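Some notes on the structure that comes next.
No lab work stands behind these numbers, since they all come straight from the coordinates. Quantities reported herein were computed from a predicted structural model and do not represent experimental measurements. A quick note on method: Cβ atoms are made from the backbone with ideal geometry, for glycine too, and the neighbour counts reach across all protein chains shown.
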Amino acid sequence: MSRTVWVLGDQLNRRIGALADAEPGEDRVLLVESRAKLDGRRHRQRTHLVVAAMRRFAAELESAGFDVDLRPASTLADGLRAHRGAHRGVEVVATEPNSFAARQLLERAGVETVASNQFLCHPSEFEAWVDGRRGRRLRMEDFYRWQRVRLGYLLDGAEPAGGRWNFDDQNREPPPKQVNPWPTPVCSTLDDLDRDVLDAIGPAGFGADPTGWWPTTRRQALARLRHAVDVVLPIFGPHEDVIVERSWHVAHTLLSPALNIGLLLPGEVADAAEEAYRDGRVPIASAEGFVRQVIGWREYVWGTYWHHMPGYGDRNALRAHAPLPAAFTDPAKTEMRCLGHAIEGLRERGWLHHIQRLMVLANLSTLAGVEPRAVVRWMTDSFVDGDEWVMLPNLIGMGLHADGGQMATKPYVSGGRYLHRMTDHCGGCRYDPTKRVGDDACPYTTLYWDFLARHRDRFGSNARMAQAVRGLDRLSDLPAVRRRAEVVRQGLADGTI
Ligand SMILES: Cc1cc2nc3c(=O)[nH]c(=O)nc-3n(C[C@H](O)[C@H](O)[C@H](O)COP(=O)(O)OP(=O)(O)OC[C@H]3O[C@@H](n4cnc5c(N)ncnc54)[C@H](O)[C@@H]3O)c2cc1C
C-alpha cells in the first residue's frame, strides 16, 4: 500500500473527502491520538467524545477491511512522522482540516489535501457569495435564503414552503408555566472502551465524567437524529429561547457534538427535517426554524470563520480587558441564579443551549468587558461541541461584538428584564432584575446601563441602539449605577457577586 489517508478527529465519516474515495486493500488509514489533547485543558466529556469516537471509528474501518494505524503520539506532527517512519515512501493525503492551525500544520508537513465536503458551503463558495454582495452587509438571512434556493430546501417551485422564508415570529414564546413537554434525550450505555478512555484521560480536566448523552459512533448518532426528527422537531421552535430549571435541553436536538466531529453530516440532517415536513409530521414553522439553524447559521459561521482568518480571534473592538468571572469555572462563586445554573449544567454535561450561551454567558462577558480572547479560550475548552471555527464567529462576531459590528449590527446585550421574561430563575434569585442600584440589584441590569454609558459615543449613532442609549438621559441615578457597576465587576472577578 503506497497511500495513507490521514483522518483527523473531527472528520469521522466514511463519506468525507479523501476517505470517500479510499478502498480497503489499496489505502491505509491513519488516525493520530495526540496526547497533547489529553492535557486536562478541555472538558472531560469533550476529550472522551473525541478519543472514544476515534477508537470506535478505527475499529469500524478495520471491520470494513482497512489497514488502520491508530497511533498514540505526543502531538499530531509526531504521529505523522512516526507513521512515515514505519511506512517508508508512503504518500499521505488528508481532507482539508476544519481549523486554520491544522491546515498550516498539514501544509508544513507536506500532506496533500482533498477538498472537504463536510459542510454544505465550501469556503470558496462562501467567498463567491461574498463577492456577489459587492460590499453590502454579509447578513445571515441573505446567506440562508441563498442556501435554500441553491440547495433546494423547503421550496415549492421558486417559492418558500408555507409562503414565507422565516417563521421566527412564531418561535419566541416565553416559558410555559408548569408543563414540561420536552422529550427526554437518547442516552447510550458506556462500556469498557469508554472506561479505558477515561483511564487514559486520568483525573485532570474540567467537568463531570460522561454519562452517555453524546454519541461516539455513527450508529448512535443516527439514533439521535431519528429521535430529533420524530420527537423533538414536531415541537421545535416555540420554546427555542426559554431557559427553565426543570429541563436542561428543552426542545433542542443536541446534535451539535455529532455534527462537529463528522458522525452526522449537515445535508442528511436537513434532508431528514425536510422529509418529515413533507410527510406532515413536522409543522412548517418548526421545520423552517430547524433548517435555518443547520443550513443557515451553522454554514454562515463556518464561512465567516474562513473569511476572517487569520487574526479573527484577536479582535477586540470594545477594548475589553477584564478577567473572566470566577464563577465561570466554579458555580459556588456566584449568587446569580441564572449564571450558577448555567455553569452547573456546563460542568455536568459540557453543553448549554444557545440562549444560555448568548444571553447568560456572552451577555455577561460583554457587559462586564471581559477580554474576548479569554472568553473564547474558556468556552472552547468548556463545551463538548467547542471548535474554533464555530466559537470565533459566535463570540467575536455575535456574542461579544468584538468585531465592531461586522457580523451583527448591534451587540446582543440585555439587562435582567430579558432574563426575567425568558427564564424561571429570577423568582428564586437574591438579585432583583428591576433594580439597577443597591446590594440586591441584578448585575445584568446594573452592568447594562453602565455598558451603554461606557459606549455612549459608539452606540448613540447606531440606529438599533440609539433609543436605548437615549434612555440613559432619563436615569437620575446614573452616577450611582456606575459606582455599583464597579463593585459588580470586581465582585465577578473575585467570585463574590
Ligand atoms: C456564544 C455562543 C457560542 C456557541 N458555541 C458553539 C460551539 O462551540 N459549537 C457549536 O456547535 N455551536 C455553538 N453555538 C451555536 C449553538 O448554541 C449550538 O450549536 C447549539 O446550542 C447546539 O445545540 P443543539 O444541537 O441542540 O442545537 P439546535 O437548537 O437543535 O440546532 C440545530 C443545529 O443547528 C446548528 N446551529 C444552530 N445555531 C448555530 C450557530 N449559531 N452556530 C453554529 N451552529 C449552529 C447546530 O449544529 C445545531 O446542532 C454557539 C452559540 C453561541 C451564541
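Fewest Cβ neighbours within 10 Å first, please rank T329, T184, T409 accordingly.
Least to most surrounded, the residues fall as T184, T409, T329.
Which one of V437, P183, A18 is farthest out on the positive end of the charge dipole of the chain, using unit charges on Cβ (Lys, Arg +1; Asp, Glu -1) and the Cα centre as origin?
With unit charges placed on the Cβ atoms, the residue in question is V437.
Averaging over every viewing direction, what projected area does the convex hull of the Cα atoms of region 3-114 cover, in nm²?
Spelled out: convex hull of the Cα atoms, projected over all directions, averaged, 6.5 nm².
Run through the DSSP bridge list for the chain and note the antiparallel percent, rounded to the nearest 5.
Roughly 10 percent of the DSSP beta bridges within the chain come out antiparallel.
Using 0.36 nm per residue, how much length does the chain from A463 to D230 gain when fully extended, once their Cα-Cα distance is taken away?
79.7 nm
Along the Cα-to-C-beta direction of I284, a point sits 7 Å from the Cα; which residues of region 129-146 have their amide N less than 17 Å from that point?
Those under the cut-off are 145.
Under the rule of -39500 (n - 2.57) per DSSP H run of 4 or more residues, summed and divided by the residues of the chain, what mean residue ellipticity at 222 nm is obtained, to the nearest 500 deg cm²/dmol?
So the helix-based figure for the chain works out to -12000 deg cm²/dmol.
Around V114, under 9 Å between beta carbons, what's the net of Lys plus Arg minus Asp minus Glu among the other residues?
Here the charged neighbours net out to -3.
Would you mind estimating how fast region 142-272 diffuses translationally, via Stokes-Einstein at 25 °C and 0.890 mPa s with the Kirkwood radius over Cα pairs, in µm²/s?
141 µm²/s
Multiply the residue gap between R14 and A77 by 0.36 nm, knock off their C-alpha separation, and tell me the result in nm, one decimal place.
My answer for the length gained is 20.4 nm.
Quick one: what do you get for the chain if you divide its Cα Rg by 2.2 N^0.38 Å?
Its radius of gyration relative to the 2.2 N^0.38 Å reference: 1.00.
Go through K177/K435; K177/K410; K37/K410 and tell me which ones have a Cα-Cα distance over 28 Å in this structure.
Violating the 28 Å Cα-Cα cut-off are K177/K410; K37/K410.
So for the pair Q178, D21, with labels modelled 7 Å out along Cα→Cβ, what separation do we get in nm?
Using points 7 Å along Cα→Cβ, the separation is 6.3 nm.
Listing V29, V370, V179 from the residue with the fewest other Cβ atoms within 10 Å to the one with the most, what is the order?
Going from least to most buried by this count: V179, V29, V370.
I'd like the GluC sites (Glu not before Pro) in region 238-308 restricted to DSSP loop residues with at most 16 other Cβ atoms within 10 Å, sorted by number.
Qualifying residues, ordered by number: E245.
Select from region 395-438 those trypsin sites (Lys or Arg not before Pro) which occupy a DSSP coil region and have at most 16 other Cβ atoms within 10 Å, ordered by residue number.
R430, K435
Which of the listed residues, L138, H87, G386, is farthest toward the dipole's positive end in the chain, when Lys, Arg count +1 and Asp, Glu count -1 at the beta-carbon?
Final value for the positive-end residue is L138.
Which whole-number percentage describes the relative contact order of the chain, with Cα contacts under 8 Å and a sequence gap of 6 or more?
Taking the mean separation of contacting Cα pairs over the length of the chain, I get 15 percent.
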